[in-house]
1. Of the residues B:V305, B:V316, only one is more than 13 Å from chain A (Cβ to nearest Cβ), modelled with pLDDT under 90 and in contact with a Phe, Trp or Tyr (Cβ under 7 Å, 6 or more places away or on another chain); which?
2. Going by the conditions given, is A:R163 more than 14 Å from chain B (Cβ to nearest Cβ), of a type in the set (K, R) and either in a loop (DSSP other than H, G, I, E, B) or crowded, with 19+ Cβ neighbours inside 10 Å (or both)?
3. Quick one: what pairs do we get from segment B:23-45, first residue of a type in the set (K, R), second open to solvent by less than 70 Å² (accessible area, probe 1.4 Å), C-beta under 6 Å, 6+ apart or different chains?
4. Residues to consider are B:F56, B:F64; find the one that is surrounded by fewer than 13 Cβ atoms within 10 Å (Cβ to Cβ) and either under 23 Å from B:A128 (Cβ atoms) or not charged (D, E, K, R) (or both).
5. If you scan segment B:326-348, which residues turn out to be small (G, A, S) and within 14 Å of chain A (Cβ to nearest Cβ)?
6. Looking only at residues in segment A:32-67 that are within 11 Å of chain B (Cβ to nearest Cβ) and among the β-branched types (V, I, T), which one is farthest from ligand 2 (Cβ to nearest atom)?
7. Among the numbered criteria (1) in contact with a Ser or Thr (Cβ under 9 Å, 6 or more places away or on another chain); (2) not in a helix (DSSP H, G or I), which one does B:R264 miss?
8. Can you name every residue in segment A:121-178 that is of a type in the set (V, I, T) and within 16 Å of the chain's Cα centre (by Cα)?
Amino acid sequence: MSDKIKIQVEDVNVFYGDIQALFDVTLDIKSKEITSLIGPSGCGKSTFLRCMNRMNDVIDGCRVEGKITIDGENIYDADKDPVLLRARVGMVFQKPNPFPKTIFENVAYGPKIHGLASNTSELREIVENSLEQAGLMDEVKDRLNDSATDLSGGQQQRICIARAIAVNPEIILMDEPCSALDPIATARVEELMGNLSNNYTIVIVTHSMQQAARVSTNTAFFHLGHLVEFNATKQIFTNPSDKRTEDYITGKVG
Amino acid sequence: MDIFDITIVILAISTASYFFAVKKITKISNTNDIRPDSILSYYGKIAAIWAFVPAFSLLLFYSFLSPIFSEMVFIEKLSKIFPEHTESQLDLAFAQLQNVANGILENPDININRLAVELKSWDETSLAVRSWVVFMLLAITALFSYSRLTPKFKARKTVESFLQKLFLGAAVVAILITIAIVASLLFEALRFFEVYNIFEFLFGTHWSPNIAIRDDQVGSSGSFGMLPVLSGTLLIALIAMMVALPIGIFSAIYMTEFASKGVRDFIKPTLEILAGIPTVVYGFFAALMAAPFFRSLGLSLGMDVSSESALAAGAVMGIMIIPFISSLSDDVMNSVPQSLKDGSIGLGATKAETVINVVLPAALPGLVGAFLLAVSRAIGETMIVVMAAGHAANLTANPLEAVTTVTVQIVSLLTGDTVFDSPKTLSAFALGITLFVVTLLLNIGALTVSRKLSEKYD
Ligand SMILES: Nc1ncnc2c1ncn2[C@@H]1O[C@H](COP(=O)(O)OP(=O)(O)O)[C@@H](O)[C@H]1O
Ligand SMILES: [Mg+2]
């Protein structure tokens, strides 16, 4: 585990129209570790996550101020293309959202768009490799040409992870990836995240404090758009320094 | 009393029944200390229904049947006076008789006058009897239901089953009307095929329906091969779709995926205005502007364009269909979940890539449905082609020539002097049923295709 910093967030403010959703958020996210974001509903976790791959750009009326650098480059610089950024920063959403296409086409989608494979056998290799990494290969290898939407929720979510991996990103953002899954599927995804953190920097939003405690090295606690506390996960859960954090993790609010 | 007055009375009594029933049930349950089966208002509702429905149904029934009955009776009488009259002449005589009875016409014939007086008093009696029987029934059902209602009665269940029957009735009426229309179309078309060979109609390539209307006229015997007419319809519809489809779908894509809210709020109403323009306006736009424009454009390119070219009519029809396609496609594409679009954008796809690879495939069933509905519209559209397309039936695929369409032919067959049982008039029904079958097939096609496709993309 290196201590290299992958993402640096400085004084980020986000507005939806006139309403401010994030206030002066500043934090550093370490390379090849899992960082989790926790906090009550509506506190701005998803908004913050979307800042890091500029998905907020797609939302009408959303404005982001401040600076976010990845490997030292500000992703909000005028000459930076958000489309290219999103190939480097993959995203997995709360509700599994595989395309209504075959399993193969789902995973091949990103590589095709970015021209990562020069022929079909390379493409096949990328797809199989990604499914392998997502721990799904054994389950689906005989039905790559079946519709991805016929899979179970947990499998669909892992297809979405495989789909993100296939573009070969450096960072994977996950917005409550297990909230629609049963405990067994959740355990599988968590195990998968642990494996992936060897190669990728992962930021995960979660509602479950147990999950944050199980998977992440560092945890950020958000409250009403403010970053209240950011520290080693162990520290946050055993010895929070802020009253609001303590209330939240002991279940008094949220 | 006319129908309106009687209805008011029925409504008033029904309303009164409502309150009396509620009052009665309240009283019984209070004095005997029992809990009614249903909420009180249901007793009122069922009392009102019992008062209203039988009386009102009888009113409608009577009003519908009594003129038919009196016509039968008096035509019978007329036929005794004019034994040599044919059926249609008798119909005419009855119409005259009605006018005399109502004082609109005067007739010197003493027999007719006598009969007119008779008809008048018949009608008056019939009206009086109507009020009488309706009010009798109203009184009987209202009193009967009032006396029958007790707190034990399952009022809620009864109202529920009445409503179910009402809804079922509405559906049945809609279906029956459709069947009746199609059946009458079919019936007249069959009469046409008694005098004209069906295969010559379906596969003949020569359409010239001008035959002698009266027996003493001289003229050709008429030729009813519908292929050139159908091909003209399809050609114009094809041109229309070639205009409407790309513009409609692309503008829908722009609106759903690219336009900012402000722009969308401007474009959508604009397209709706386009949809609100009456087709007759499109018609003279096609005839007076588009057609000369294409003609002079053709001349400047050294091509001979007919002044009633299929191109002009088709292009204007296409413009008419644009809002139809764009608003349907807009709905369909808007219903593609945002999460799918986010998934694609999140993988680093551009908006256009997302539209092509995710939105369009997911929206395809709906788009195919929209397309086929639009084709049905183009095929059935009448006004534009009546004004801008030709009347001569050319079997051609050249859009620069004049062609005619099924709808144009139906209009010209049925306007002006017509005799109901001449093959010329009857052929309009054959064309009508052809049109109906073609659009029906398209609609069935639309349904099956979109079902097939949505299975694949579910
Ligand atoms: N698309 C949007 N438009 C307007 N306001 C939004 C939008 N998305 C989120 N918000 C607002 O921003 C705040 C933070 O939301 P979000 O980031 O989704 O919270 P969380 O993910 O922590 O539950 C909330 O008050 C929410 O109402
Ligand atoms: Mg959220």
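1. Details: B:V316 fails: modelled with pLDDT under 90.
Among B:V305, B:V316, only B:V305 is more than 13 Å from chain A (Cβ to nearest Cβ), modelled with pLDDT under 90 and in contact with a Phe, Trp or Tyr (Cβ under 7 Å, 6 or more places away or on another chain).
2. Values: more than 14 Å from chain B (Cβ to nearest Cβ): no; of a type in the set (K, R): yes; either in a loop (DSSP other than H, G, I, E, B) or crowded, with 19+ Cβ neighbours inside 10 Å (or both): yes.
It is false that A:R163 is more than 14 Å from chain B (Cβ to nearest Cβ), of a type in the set (K, R) and either in a loop (DSSP other than H, G, I, E, B) or crowded, with 19+ Cβ neighbours inside 10 Å (or both).
3. B:K45/B:V159
4. On the way: B:F56 fails: surrounded by fewer than 13 Cβ atoms within 10 Å (Cβ to Cβ).
Checking each option against the conditions leaves just B:F64.
5. Within segment B:326-348, B:S335, B:S339, B:G343, B:S344, B:G346, B:G348 meet the criteria.
6. Applying the filter and picking the extreme gives A:V58.
7. With respect to (1) in contact with a Ser or Thr (Cβ under 9 Å, 6 or more places away or on another chain); (2) not in a helix (DSSP H, G or I), B:R264 is out only on (2).
8. Within segment A:121-178, the subset of a type in the set (V, I, T) is A:126-127, A:140, A:149, A:159, A:161, A:165, A:167, A:171-172.
Passing the criteria: A:I159, A:I161, A:I165, A:V167, A:I171, A:I172.
The values are calculated or read from the model by the stated rules, or taken from the named source; none is laboratory data. Quick caveat: nothing in here was measured; it's all calculated off a predicted structure. Note that we place each Cβ from the backbone using ideal geometry, even for glycine, and neighbour counts take in every protein chain shown. Quick note on the areas: whole protein, heavy atoms, side chains included, nothing else; ligands and nucleic acids left out. Shrake-Rupley method; radii C 1.70, N 1.55, O 1.52, S 1.80 Å.
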